[in-house]
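Scroll down for the structure; my scribbles are underneath it.
The values are calculated or read from the model by the stated rules, or taken from the named source; none is laboratory data. Worth saying up front: this structure is predicted, and the values here are computed from it rather than measured. Ideal geometry is used to build each Cβ from the backbone, glycine not excepted, and the neighbour counts take in all protein chains shown.
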Amino acid sequence: MAGLRHLPPGVDALRDRFEKWRKAKKGRARIPPGLWSRAVALCGRHGVNLVSEWLRLNHSALRDRFRTARRSKPTTAVPAFVEWVPPSVLPPSPVAAAAEYVVEVEGTQGPLVRVRARGAAVADVATLARLLGERAR
């Protein structure tokens, strides 16, 4: 096994933990979830083939766990409300203070964000809409 000569940092320690578990287990015991999760984490950096070889794991079982872990990554929560303070230096005129703007920016999969601005200058709302539109692409 030529791939075992130069193991990346951390792989040796995990390999030792797997070997220790293999020696201590009784019968056909299942691999503990902690060992599986560490092996799956290595797959993200080094690939399933190498990790399964280094740790002497069933390639198909490791591949399936890696795919499941990639699919179920926690998504970043999208805030329901974000306060935006217009950057205008001058205080708004009485007309601008009473004005209200609603800007909807659409992404490739439908509405992305709706902005309701009250008391902001038209230029500030237009700049915000342009920035949000660029981000949606």
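Would you check which residues across region 9-39 are exposed (fewer than 10 other Cβ atoms within 10 Å of the Cβ) and over 21 Å from residue 63 (Cα atoms) and list them?
9, 23, 24, 26, 27
Please name all residue pairs, on different chains or six or more residues apart, with Cβ atoms under 6 Å, provided the first residue is in region 115-131 and is in the same structural domain as residue 103 (by TED's automatic domain parsing) and the second residue is of a type outside the set (Ser, Thr, Tyr) and in a helix (DSSP H, G or I).
Within 6 Å, the pairs are 117/125; 119/97; 121/96.
Checking residue 79 against (1) surrounded by 13 or more Cβ atoms within 10 Å (Cβ to Cβ); (2) modelled with pLDDT under 90, which test does it fail?
Residue 79 satisfies all of (1) surrounded by 13 or more Cβ atoms within 10 Å (Cβ to Cβ); (2) modelled with pLDDT under 90 except (1).
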